[in-house]
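The next block holds one structure in the form of structure tokens; read it before the comments.
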Amino acid sequence: MPPRRRLPRPRLHWLLIAGPASWLLALLPHRELAVFLTSAIALIPLADLIGASTEQIGLHAGPRVGGLLNATFGNLTELILSVLLLLNNQVKVVKTSLTGSILGNLLLVMGLSLLAGGMYHRTQRYNAAAAGVHATSLTLAVIGLLMPALFLLTTGAHSVIQREVVSAIVAGVLIAVYLAALVFTRVTHEHLFRTPKSGEQATWPLRTALLVLAGAAVFVAVESELLAHALAPALRALGLSQFFVGLILVPIIGNAAEHSSAVRFALQDRLDVTLEVAIGSSTQIALFVAPALVFIGLAVGHPMDFVFTNFEVAAVGLSTLIVTFISHDGRSNWLEGAQLLAAYLIMAASSFFIGSL
């Protein structure tokens with residue numbers, strides 16, 4: 001068998017120039033749209049640096065610890081951005097960006113990866129057991145999204161305290177399930193989820209990787225703060241709704257580097273890693289990041305409940321359903337990728353015309 005072709009990691013570091021540009025523009029009056037655009041662009045290479053440094057730390061630490069690190073820091077950019085948006089009282093944008101991240105990973109990232117990989121390799125195989133665990137976890141997340149919405153519709157009159165209590169209970173249960181799934185996949189049943197070794201060796205010293213991770217996280221916070229402050233006037237200038245920006249644009253910005261990595265792994269016929277990036281990231285958003293933001297919102301005085309719109313609940317539910325259908329057999333082809341992309345385009349087009357939450 002010929003050696004597997006390895007594709008280079010996309011070079012995104014040149015986009016870092018957008019960071020200083022956003023700082024300078026923030027000092028000028030009436031430049032909110034330019035600040036929004038430049039800070040959004042700057043988040044793309046910063047997210048890539050977080051991913052690259054986490055990967056290097058994982059190579060130093062070994063597969064078990066490395067997998068745990070990837071699971072822990074995989075959505076660090078989205079978490080930081082969401083916290084800064086919460087602090088700026090952009091609760092609606094945060095909620096839609098969470099569901100948008102799930103949709104983007106399940107449909108856009110998976111779709112692009114399966115389409116590209118399927119054109120490069122006739123049929124690709126992956127661990128069906130790992131895909132099944134993620135699919136079940138996502139189904140639980142759909143229940144977590146659906147039941148608070150049904151509570152709201154069923155009770156009619158209810159107090160804010162009741163709404164927050166229900167949200168906190170649901171969030172706590174989902175976090176507990178997420179931690180249990182980590183123990184299951186990384187400790188007690190790790191042998192069922194091992195991916196083929198890539199033969200990669202760490203190319204950065206451990207100290208360098210740790211410093212890059214810390215530095216990138218700090219600058220993500222800075223750019224997220226600029227983006228959050230410029231968001232409202234930028235939306236008015238662009239004529240876009242909060243719903244569309246939160247559901248489509250913000251997740252694409254936060255996940256751009258992750259998108260390219262998933263496609264690269266699929267082209268290398270490492271589809272298990274692609275699924276871990278795409279479906280695993282969606283699982284982490286649904287079971288950990290979103291519930292954690294419920295408690296963070298309470299702590300910072302901007303409560304975020306777990307009651308999502310009917311559109312969001314339906315979109316996440318249907319996305320989970322189609323991914324479960326496609327991933328159950330452990331094989332994929334380019335047509336399945338095209339089908340996932342078609343579903344994403346339909347949902348994106350529909351969300352564009354939803355004027356407000």
Exercise for the section: Report whether or not A266 is under 19 Å from A129 (Cα atoms), buried (at least 23 other Cβ atoms within 10 Å of the Cβ) and over 17 Å from the mean Cα position of the chain (by Cα). Expected result: yes
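A quick yes/no check of all residues on (1) part of a helix (DSSP H, G or I); (2) closer than 23 Å to F308 by Cα:
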residue	(1), (2)
I80	yes, yes
L86	yes, yes
I102	yes, yes
G117	yes, no
R122	no, no
G132	yes, no
T139	yes, yes
E164	yes, yes
Practice task
For G297, state whether it is under 29 Å from V183 (Cα atoms) and surrounded by 20 or more Cβ atoms within 10 Å (Cβ to Cβ).
Solution key: yes
Practice task
Report, ordered by the first and then the second residue, all pairs with beta carbons closer than 6 Å, sequence separation of six or more or different chains, a first member in region 177-195 that is within 15 Å of A141 (Cβ to Cβ) and at pLDDT 75 or above, and a second member that is crowded, with 17+ Cβ neighbours inside 10 Å and of a type in the set (S, T, Y).
Solution key: A181/S137
Practice task
Scan region 53-74 and give yes if some residue there is closer than 17 Å to L247 by Cα and buried (at least 19 other Cβ atoms within 10 Å of the Cβ), otherwise no.
Solution key: no
Practice task
Answer with yes or no whether S281 is under 20 Å from the mean Cα position of the chain (by Cα), over 29 Å from L146 (Cα atoms) and in a helix (DSSP H, G or I).
Solution key: no
Practice task
Could you look through region 76-128, keep only residues that are of a type in the set (S, T, N, Q) and in contact with a Gly (Cβ under 8 Å, 6 or more places away or on another chain), and pick out the one that is nearest to S39 (Cα to Cα)?
Solution key: T77
Practice task
Kindly indicate whether M119 is buried (at least 24 other Cβ atoms within 10 Å of the Cβ) and in contact (Cβ under 8 Å) with a residue 60 or more places away in the chain.
Solution key: no
Exercise for the section: Could you list, in sequence order, all residues of region 30-57 that are more than 19 Å from N255 (Cβ to Cβ) and touching a Leu at 6+ places or on another chain (Cβ under 9 Å)? Expected result: R31, E32, L33, A34, V35, Q56, I57
Problem - Selected residue [part of a helix (DSSP H, G or I), closer than 24 Å to L174 by Cβ and not polar (S, T, N, Q)] from P303, P251 - result: P251
Practice task
State yes or no: is E258 acidic (D, E), modelled with pLDDT of 90 or more and assigned to a helix (DSSP H, G or I)?
Solution key: no
Practice task
Please work out if I50 is modelled with pLDDT under 90 and surrounded by 17 or more Cβ atoms within 10 Å (Cβ to Cβ).
Solution key: yes
Completion exercise
Just one listed residue, out of A315, A338, A342, A290, is surrounded by 21 or more Cβ atoms within 10 Å (Cβ to Cβ) and more than 17 Å from Q90 (Cβ to Cβ), and it is A315
Exercise for the section: Answer with yes or no whether L85 is touching a residue at least 12 places away in the same chain (Cβ under 8 Å), within 15 Å of the chain's Cα centre (by Cα), buried (at least 18 other Cβ atoms within 10 Å of the Cβ) and within 21 Å of A256 (Cβ to Cβ). Expected result: no
Practice task
Evaluate region 174-189: report whether one residue or more is among the aliphatic types (A, V, I, L, M), touching a Ser or Thr at 6+ places or on another chain (Cβ under 8 Å) and more than 28 Å from R264 (Cα to Cα).
Solution key: yes
Handout entry: Meets criteria (closer than 19 Å to L81 by Cβ, surrounded by fewer than 21 Cβ atoms within 10 Å (Cβ to Cβ) and within 19 Å of the chain's Cα centre (by Cα)) for I322
Key = no
Practice task
Check off (1) under 26 Å from A314 (Cα atoms); (2) surrounded by 13 or more Cβ atoms within 10 Å (Cβ to Cβ); (3) at pLDDT below 80 for T139 and give me the number that stays unchecked.
Solution key: (3)
Exercise for the section: Only residues that are of a type in the set (A, V, I, L, M, F, W, C) and touching a Ser or Thr at 6+ places or on another chain (Cβ under 6 Å): list them for region 89-147, please. Expected result: V94, I102, L103, L106, L107, L114, A131, A135, L138, V142
Practice task
Please go through region 327-357 and pick out each residue that is in a loop (DSSP other than H, G, I, E, B) and in contact (Cβ under 8 Å) with a residue 24 or more places away in the chain.
Solution key: H328, D329, G330, N333, I354, G355, S356, L357
Exercise for the section: List every residue pair whose Cβ atoms lie under 9 Å apart, where the two residues are 6 or more positions apart in sequence or sit on different chains, the first residue falls within region 97-110 and is of a type outside the set (G, A, S), and the second residue, located anywhere, is surrounded by fewer than 24 Cβ atoms within 10 Å (Cβ to Cβ) and not in a helix (DSSP H, G or I). Expected result: L98/F308; T99/F308; T99/T309
Fill in the blank from the handout: Residues in region 38-64 that are over 20 Å from the mean Cα position of the chain (by Cα) and hydrophobic (A, V, I, L, M, F, W, C) total 3
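The values are calculated or read from the model by the stated rules, or taken from the named source; none is laboratory data. Since we're looking at a predicted model, the values are computed, not measured. Heads up, the Cβs are rebuilt from the backbone with ideal geometry, glycines too, and the neighbour counts pull from every protein chain shown.
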